[in-house]
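Below you'll find the structure, written out as structure tokens, and then a few comments.
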């Protein structure tokens, strides 16, 4: 009952207003490529010093929730993930928008984000101490295998030739090693340039690889950016709800995956949404329609990435180890406010903890009305703005967004270079997603491997180190399954085709 | 009438502009917000201590201290760009020892120690060896014995290669005459996670880590001159017979060429923050040890540190 | 799998399908060669990946030889000059920005990109309308980033 009184405390008009403001600001910041959730939260921290701890926390949670969701707008409407968490949303969101279903995709993303967000917050409220222990059982070796599991998604992500996917992912992995190595301290592949010392910034690479090719092709033809339907259809909420109901299992599975991945510090929303996307695709009967504008793809990724908000706070609050980069900023703000993580969380500090969780809950609920409203305007803006204005606007956002990440013009140049390379590669059948997958998973795989190698040397057995743990073996089994499942599935489908006993389409009519 | 008014306006505007420009350089400093660039990501100790300063900076000057992040290359990305930033005192950057000494040693990382004009160093977090609460190693001697019994079998996590932790481990191995396995992680957070998860037996961390995770870890020894007031039971390395005093020192720097009086002014402001009792208490609660090295003592301090780390760098094989 | 192996469909010309794996093999080769200068810990990962890239490239070449390729004749056409112009304008923008400042280069490239992307003929009204909207958008983003989010945008070194 204690939580209830704190929830009511969080509901004061002042706090509600702050939450509303936070969510709205978060959505807008998240929707702009380059302005990540981390930045949104970091900018807000000094503002919150003047507030009471409760209001400060509510506002920080609100802006974070809004920003993760806002990332889906640019993913759907201009094929650019506004935050790394929204990478996988481009896979089906943008094709949907291209064929004229952008409004539906935005509505679906809103519904999925609310569901995912609520699942994450619920996990934070009920299972936090337990799940935090799970996070600790993931050591370097487990992270290494997790990255390998992530890399098995290549076969799902590369259309056409899997070998091309492997080459692309290898290229991405090599790109991820540029700069000063965390382990070993070598300076690698900078070719003498100081600009490359800090490595290739992931978000600027995302903007380059996804957005610049869209721009390049946008100016090449006079056709409009997205297909526009003649008659206005509103926000298509009814249709969206129907899709969400059909995909209710998908939504819950993705939210669970999102929460699970988020409790592992360092894994993050991008991996959560990629894994849930491939799981949704694997579970679906019509897996070939994924990547071509399947609404279930959008539902899966957006549900997963908003679940990481609540999930990421589990290690942050219980262990004092931030689950995601925005969590790190919020943890810093909490420490400055005098809050200590650990066992006092639900005892001495219960009032702050519960208020914070209640604030996250409220912010997630506010996503529904605010998201539908702002999403409608974002969609209208993109489809009504003439091309001669759309192109410079998007270009402007990519340049200023990339610059803002670490105030660096060099990052803008790298972004543009990768953009042109990405466009050329795409033309020759190399999709950007395997490259990005390599870029994101590279550091996790490498550090996990080298640390595991050192630990193996210390313990005297490499085999025990890499193949000894139950978690490692489970992930290895999953990876093998992930590679061979499409073949097994194809066989099974041949054997007993047209048997729709567990078809979700039928479930709804019964 | 109209003409004289506009002339008057123009003259007034010009005057105020000129005065604003000159004032900005001396007495009135700071007359606008100051950008405080942290060359690391958010949530680390540099970030948290900067956030603590933020509040008092506004109290003292009436202007805001705006924290920015420029992570990459273990600080090298930020420091290599400092010299290109405006040298007017309105851009300051976090400066960390031993990073700024060790990074440019023996390789080109885009900056030299001389490129940074450090104007104030305000605290340090002493190195410490941490173990989990349920660890069999009760004292530092237990750990050393274990390392002697099986050279290389004792694993210690830490943040990065050629970092403060790596240096501390090298020095410790030398002083205690043992061989351990140092496992570099990406940042202190990841290193402590490995300790908590039992993947390593001990961690090279700081008193701040022990303060943050006080319910799960304990320290075997601290590399400060005196025992930390928060941990009166934890001995220093010196007490145990190992001459180790060190840690991660943090301060602020401006680009080379910033006027001396502005540097002095900045140094004064941050010294004033350091003397604020509330700030002192907050820093201590987080496990930091306050330090006060103003502009006029900076050269001597840097020279002293340089000597210490040059010796270790030789040991690490960074320089010949 | 199917009995009669169909020819592979190229994304572009058949020749480029052969050239791309060669490109990746050479990237892998350079990375492998460069990794020799690194410490053991630093080299192990990039060297492994480089080998994987080379192997994947070789396998792809073998696949192409064994199965044969069909040139893709339905490549999308489009205005290449406009594409090149877009990239040139954006690159120039990024390069000049530290010198001329953010606002000026932002406005200049906004207008240039507007011209690049315009297919219909310009009327006075349309031009003025677009210019005003463009100025408003630049002002909005500038305000958002520089004032609200405290991003230190380059002011330009030419007038300082």
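Relative to one another, the C-alpha centroids of segment B:120-168 and segment B:245-268 are positioned 30 Å apart.
Taking a ≥ b ≥ c as the square roots of the eigenvalues of the Cα gyration tensor, segment A:399-464 is oblate, since a/c reaches 1.5 or more and a/b is not larger than b/c. Taking other C-beta atoms within 10 Å as the exposure proxy, A:209, C:70 rank C:70, A:209 from fewest upward. Stretching the chain fully between residue A:122 and residue A:252 yields a gain of 45.6 nm (0.36 nm per residue, less the alpha carbon separation). Kirkwood analysis of the Cα pair distances in segment A:1-127 returns a hydrodynamic radius of 15.3 Å. Can you give the log10 of the normalised intensity I(q)/I(0) at q = 0.19 Å⁻¹, computed with Debye over equal Cα scatterers of chain C? Taking Cα atoms of chain C as identical point scatterers yields -1.09.
Counting, for every residue in B:74-80, the Cβ atoms of other protein chains within 10 Å of its Cβ and taking the mean gives 5. Anisotropy class assigned to the protein assembly as shown is rounded, per the alpha carbon gyration tensor with a/c under the 1.5 cut-off. Each of C:130, B:99 has some number of other Cβ atoms within 10 Å of its Cβ, and from fewest to most they run C:130, B:99.
Contact order, relative form, for segment A:317-435: 11 percent (alpha carbon pairs under 8 Å, 6 or more residues apart, mean separation divided by residue count).
Taking all Cα pairs closer than 8 Å and separated by 6 or more residues, the relative contact order of chain B comes to 24 percent. Calculated mean residue ellipticity, 222 nm, chain A: -24000 deg cm²/dmol, from DSSP H runs (n ≥ 4) at -39500 (n - 2.57) each, averaged per residue and rounded to 500.
Using only alpha carbons, chain A has a radius of gyration to Kirkwood radius ratio (Rg to Rh) of 0.96.
What shape does segment C:80-148 take by its C-alpha gyration tensor, where a ≥ b ≥ c are the square roots of the eigenvalues and a/c under 1.5 counts as rounded, a/b above b/c as prolate, and the rest as oblate? Oblate shape, in that a/c is at least 1.5 and b/c is the bigger or equal ratio. To the nearest ten degrees, helix C:40-67 and the longest principal axis of the Cα atoms of chain C are 70 degrees apart. Take every Cα pair under 8 Å whose residues are at least 6 apart in sequence, average their separation, divide by the length of segment C:80-148, and the relative contact order is 35 percent.
FRET efficiency for the pair residue B:59 and residue B:175, taken as 1/(1 + (r/R0)^6) with r the Cβ-Cβ distance and R0 = 51 Å, rounds to 0.70. Model label points for residue A:193 and residue A:462, set 7 angstrom from Cα along the Cα-to-Cβ axis, are 3.5 nm apart.
Using only the alpha-carbon atoms, how far is helix B:260-275 inclined from the longest principal axis of chain B? Give it as 0 to 90 degrees, nearest 10. With rounding to tens, the tilt is 50 degrees.
The simple Förster model, with R0 at 35 Å and r as the Cβ-Cβ distance, assigns residue C:14 and residue A:229 a FRET efficiency of 0.35. Annotation: peptides B:49-56, B:123-130, ranked by per-residue average of other Cβ atoms within 10 Å with the highest first, follow the order B:123-130, B:49-56. Maximal additional length on extending the residue B:215-residue B:115 stretch stands at 31.8 nm, based on 0.36 nm per residue less the C-alpha distance.
Sorted on the mean count of surrounding Cβ atoms within 10 Å across their residues, most packed first, peptides B:291-299, A:295-303, A:309-317 read A:295-303, A:309-317, B:291-299.
Against chain B, whose longest principal axis comes from its Cα atoms, helix B:187-196 is set at around 30 degrees. At 0.890 mPa s and 25 °C, plugging the Kirkwood radius over alpha-carbon pairs of segment C:8-70 into Stokes-Einstein gives what diffusion coefficient in µm²/s? Roughly 196 µm²/s, to the nearest whole number. Among A:370, B:156, A:481, the ranking by other beta carbons within 10 Å of each residue's beta carbon, starting with the fewest, stands as A:481, A:370, B:156.
None of the figures in this text is laboratory data; all of them are computed from the coordinates on show. All of these numbers come straight from a predicted model, not from anything done at the bench. Please note: Cβ atoms are built from the backbone with ideal geometry, for glycine as well, and neighbour counts cover all protein chains shown.
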